[in-house]
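Undergrad: Take this structure, written in structure tokens, and hold onto it; I'll ask about it next.
The values are calculated or read from the model by the stated rules, or taken from the named source; none is laboratory data. None of these values were measured; they are calculated from a predicted model. Backbone-built Cβ (ideal geometry, glycine too); neighbour counts: all protein chains shown.
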Amino acid sequence: MGFVKEFKEFVMRGNVVDLAIGVIIGGAFNKIVSSLIEDVVTPLMLKPLLEAANVTALQDYVWHGAKLGLFISSIITFLLTALVLFMIIKAMNRMKRKQEEAPAAPAEPSSTDKLLMEIRDSLKK
């Protein structure tokens, strides 16, 4: 039973769970970026270039046997993914800075200070 317990502790550690969630979200994010490139960027921005090369889809662009279309698509995917991640991290850092800049609530006086204030107030009376 020691092996099963140790394996369970390993799997349920925060780092493993966080990594699994990151991989799942990354896979979904990859589909979004790929769709953005194939369905939006390529038709809108690259259409004139593809028409000049007599190609209907970027993936179909082949030059001397090299599948340049897939390579170009991969480069665009990488650049857009990096840009989006940069923007997300930049926004997170900005939110962190705002939290750090927020003034902390003043510390409550200790019990000794409260007692001294009570003595002071009673002496004033």
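Undergrad: Within the bounds of region 107-119, is there any residue that is at pLDDT 80 or above and among the β-branched types (Val, Ile, Thr)?
TA: yes
Undergrad: Name the residues in region 7-43 that are of a type in the set (S, T, N, Q) and surrounded by 10 or more Cβ atoms within 10 Å (Cβ to Cβ), would you? Please lay out each step first, then the result.
TA: At the first step, the residues of region 7-43 found to be of a type in the set (S, T, N, Q) are 15, 30, 34-35, 42.
Selection gives Asn30, Ser34, Ser35, Thr42.
Undergrad: Shifting gears a bit: Consider Leu46 carefully, then state whether it is surrounded by 10 or more Cβ atoms within 10 Å (Cβ to Cβ) and hydrophobic (A, V, I, L, M, F, W, C). Talk me through it step by step, then tell me what you get.
TA: Values: surrounded by 10 or more Cβ atoms within 10 Å (Cβ to Cβ): yes; hydrophobic (A, V, I, L, M, F, W, C): yes.
For Leu46, the condition - surrounded by 10 or more Cβ atoms within 10 Å (Cβ to Cβ) and hydrophobic (A, V, I, L, M, F, W, C) - is met.
Undergrad: Sticking with this structure for a sec: Within region 78-125, track down each residue that is basic (Lys, Arg) and closer than 30 Å to Ser34 by Cβ.
TA: Filtering region 78-125 for residues basic (Lys, Arg) gives 90, 94, 96-98, 114, 120, 124-125.
Scanning region 78-125 gives Lys90, Arg94.
Undergrad: Here's another thing I want to ask about it. Output the qualifying pairs, or none if there are none: Cβ atoms under 9 angstrom, residues six or more apart or on different chains, first residue in region 85-100 and closer than 22 Å to Gly27 by Cα, second residue in a helix (DSSP H, G or I) and not acidic (Asp, Glu).
TA: Once the first residue is closer than 22 Å to Gly27 by Cα and sits in region 85-100, its partners that are in a helix (DSSP H, G or I) and not acidic (Asp, Glu) give Leu85/Phe29.
Undergrad: Would you check which residues across region 26-47 are part of a helix (DSSP H, G or I), in contact (Cβ under 8 Å) with a residue 12 or more places away in the chain and not acidic (Asp, Glu) and list them? Spell out the reasoning first.
TA: Filtering region 26-47 down to residues part of a helix (DSSP H, G or I) leaves 26-45, 47.
Cutting the leftovers down to in contact (Cβ under 8 Å) with a residue 12 or more places away in the chain gives us 29-30, 33-34, 36-38, 41-42.
Matches in region 26-47: Phe29, Asn30, Val33, Ser34, Leu36, Ile37, Val41, Thr42.
Undergrad: Can you pull out the residues in region 51-73 that are surrounded by 12 or more Cβ atoms within 10 Å (Cβ to Cβ), aliphatic (A, V, I, L, M) and assigned to a helix (DSSP H, G or I)?
TA: Those that are surrounded by 12 or more Cβ atoms within 10 Å (Cβ to Cβ), aliphatic (A, V, I, L, M) and assigned to a helix (DSSP H, G or I): Leu58, Leu68, Leu70, Ile72.
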